[in-house]
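Trainee: One structure coming up, written as structure tokens, with questions to follow.
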Amino acid sequence: MVIVVVLATVFMLQRTLNNARAINTQAASIAESGRGINLATDSIIQLDRTIDHALSILATAQPLQGQLVEVIALASAIDAKAGSINGSAVAINRSAQTINGSGESINSSAGGIEDQLGQVVGIAESIRQGAGQIDINVDGTILLATVIRADTQNIAAQAAIAARNAACADRGLLGPANDCT
């Protein structure tokens, strides 16, 4: 009977040892999985930060595009007006020169008219020069606005790509890896 008890005890101890080994194997597997989860959690935190930055850039860039369109429209209107003013100034200058030429013949009978015409010519030339400078400045402004618009569009495109990549990365962590191409 002692032998039966000893054999039963050995059998129970063997089963306990086998169960302990199985538990140890499962615990090691769980610990290894936990390390992977920790790495994935770090990636999720970085992904959240990336998404936040991308959304912030996108939100910042979108109002600029509307303002840029408005600036370009205003600059184009100013350019058109400056061109018109410049054309008028040239015409005034020509007229003033013609009047000045005619004024020399009139000067014999009215010497005071010549002084006034000289002032008109000076003012017309000043206006022409001012209009010409405005035209140059508006052209520079339009060029700068075009560059700013291109930069804004690039920022918006990069922000959209960052948001898409972040969404793809998110789906890659939660679903099949080949959802995003």
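The values are calculated or read from the model by the stated rules, or taken from the named source; none is laboratory data. Just so you know, these numbers come straight off a predicted model, no measurement behind them. Quick reminder, even Gly has a Cβ in these numbers, built from the backbone with ideal geometry, and neighbours come from all protein chains shown.
Trainee: Restrict the check to segment 70-85 and report whether at least one residue is modelled with pLDDT of 85 or more, surrounded by fewer than 16 Cβ atoms within 10 Å (Cβ to Cβ) and not small (Gly, Ala, Ser).
Mentor: For segment 70-85, residues modelled with pLDDT of 85 or more, surrounded by fewer than 16 Cβ atoms within 10 Å (Cβ to Cβ) and not small (Gly, Ala, Ser): absent.
Trainee: Turning to a different aspect of this structure: Got a sec? Which of Thr146, Thr141 is closer than 18 Å to Glu70 by Cβ, hydroxyl-bearing (Ser, Thr, Tyr) and crowded, with 17+ Cβ neighbours inside 10 Å?
Mentor: Thr141
Trainee: Quick check on my filter: what residues within segment 107-140 are modelled with pLDDT under 85 and of a type in the set (Val, Ile, Thr)?
Mentor: Ile113, Val120, Val121, Ile123, Ile127, Ile134, Val138
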